[in-house]
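Q: One structure, pasted below without further comment.
Since every read-out is calculated from the coordinates, none of them should be taken as a lab result. Source: prediction; values computed, not measured. Here Cβ is always computed from backbone atoms with ideal geometry, including for glycine, and neighbour counts include all displayed protein chains.
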Amino acid sequence: MGKMVSATEFKAKSLKLIDEMERSGESLTITRRGKPSLTLSARRAGVPVGQSLFGCMQGSVKILGDIVGPIDPDWEAEWLANNPAELYAPRTPSK
């Protein structure tokens, strides 16, 4: 189950306790009046202790085709045809 500490002890020693959790990977249960109130865990979902999230998805994606070029090469011509410049001209205040 891991280590148990009172809320008062956690408040006083929180940074030290968190460091211990990160090193050991063991959970920490905080109690109030002797009853478990909250459980903290250093383990991140799907990531083993000590492994960085950076690069954890490496090899899980396959790139097919060009990922830099536009999806539709004619998008700019279509945009200009459907959005005339007059729509974006500054308006003069009406009197």
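Q: Kindly express, to the nearest 10 degrees and within the range 0 to 90, the angle between helix 7-24's C-alpha long axis and the longest C-alpha principal axis of the chain.
A: So the inclination is approximately 70 degrees.
Q: All other residues with a Cβ under 14 Å from the Cβ of Leu38 taken together, and with Lys, Arg as +1 and Asp, Glu as -1, what is their net charge?
A: Charge balance near Leu38 sits at +4.
Q: Working from the alpha-carbon coordinates of the chain, get Rg over Rh, Rh being the Kirkwood radius.
A: A ratio of 1.44.
Q: With +1 assigned to the C-beta of every Lys and Arg and -1 to the C-beta of every Asp and Glu, and no other charges, what is the dipole magnitude of region 1-43 about the Cα centre in debye, to the nearest 20?
A: Computed charge dipole of region 1-43: roughly 220 debye.
Q: Let me check against my output: what whole-number percent is the relative contact order of region 1-43, with C-alpha pairs under 8 Å and at least 6 apart?
A: It comes to 41 percent, rounded to a whole number.
Q: Expressed in nm to one decimal, what extension gain is obtained for the pair Ser41 and Cys56 from 0.36 nm per residue of sequence separation less their Cα-Cα distance?
A: 3.5 nm
Q: State the extension gain, in nm to one decimal, for the chain segment bounded by Thr8 and Leu87, taking 0.36 nm per residue of separation less the distance between their alpha-carbons.
A: Length gained, Thr8 through Leu87: 22.1 nm.
Q: Further question: Using a cut-off of 12 Å between beta-carbons, work out the net charge of the residues near Thr29 (Lys and Arg +1, Asp and Glu -1, Thr29 not included).
A: Spelling it out: positives minus negatives among the neighbours equals +1.
Q: Determine the dipole magnitude for the chain: charges of +1 sit on the beta-carbon of Lys and Arg, -1 on that of Asp and Glu, nothing else is charged, the reference point is the Cα centre, and the result goes in debye to the nearest 20.
A: The calculation lands at about 1200 debye.
Q: Could you tell me what a quarter of the Cα convex hull surface of region 1-43 works out to, in nm² with one decimal place?
A: 2.6 nm²
Q: Mind listing the long-range amide H neighbours of Ser37? Cut-off is under 5 Å, sequence gap 5 or more, other chains count too, H placed in the peptide plane at 1.01 Å from N.
A: Ile30, Thr31, Arg32
Q: Quick check on packing: order 15-25, 66-76, 31-41 by the mean number of other C-beta atoms within 10 Å, highest mean leading.
A: 15-25, 31-41, 66-76
Q: Also, I was wondering about something else. Considering amide H positions built from the backbone, and no H for Pro or chain starts, which residues 5 or more places from Met4, or on another chain, come under 5 Å of its amide H?
A: For Met4, the qualifying residues are Thr29.
Q: To the nearest 500 deg cm²/dmol, what mean residue ellipticity at 222 nm is calculated for the chain from DSSP H runs of n ≥ 4 alone, each contributing -39,500 (n - 2.57), summed and divided by the residues?
A: Calculated at 222 nm, the ellipticity per residue is -8500 deg cm²/dmol.
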